[in-house]
Amino acid sequence: NLVRGQTGKVTLRDTLARHVPPALFERPKAGFGSPLGDWLRGPLREMVRSYLSPSALELAGFFNARTVALVLDEHDRRVRNHETKLWAILVFMLWHDLYIRQSAAGGVSVALIAAGTTLARYCVAPRE
């Protein structure tokens with residue numbers, strides 16, 4: 001497709017202009033969010049509870065297990081949306097399990113492989 005400067009695809013814009021008000025397509029690109037909070041409460045809940053359990057957190061030694069439990073509870077009850085904090089802690093704990101704890105043990109845990117499969121299933125859109 002032809003492009004005039006930085007204005008985007010000319011053919012598409014010309015076609016849209018005949019059928020749609022310009023305000024609908026003459027605007028900057030916008031991002032979109034993922035349903036991360038719902039994933040953490042739903043399909044990823046078991047994995048979150050496992051990796052963010054008091055025993056797992058205490059074993060890793062980086063997070064206050066009581067505080068994480070309170071944050072998880074608030075998130076689950078929809079008192080506050082802690083999806084970003086919980087996701088960061090979960091990803092750190094997955095990384096720690098793979099690169100620190102399992103490296104020291106000499107292998108990758110079955111639980112971590114299952115966690116990766118779960119993440120791929122729910123966090124990546126299937127290709128058609």
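A few notes on this one:
- R0 of 22 Å, Cβ-Cβ distance residue 76-residue 100: FRET efficiency to nearest 0.05: 0.20
- Net charge of the neighbourhood of residue 25, taken over other residues with C-beta under 14 Å away and scored Lys/Arg +1, Asp/Glu -1, is +3.
- Computed over region 1-101: relative contact order in percent, which uses C-alpha pairs under 8 Å that are six or more apart: 18 percent
- Gain on full stretching of the segment that runs from residue 53 to residue 27 - 0.36 nm per residue minus C-alpha separation: 4.9 nm
Only the coordinates and a few stated rules stand behind these numbers; no lab work does. Remember, predicted model here, so these are calculated numbers, not experimental data. When we count neighbours, we look across all protein chains shown, and the Cβ atoms used for this are built from the backbone with ideal geometry, even at glycine.
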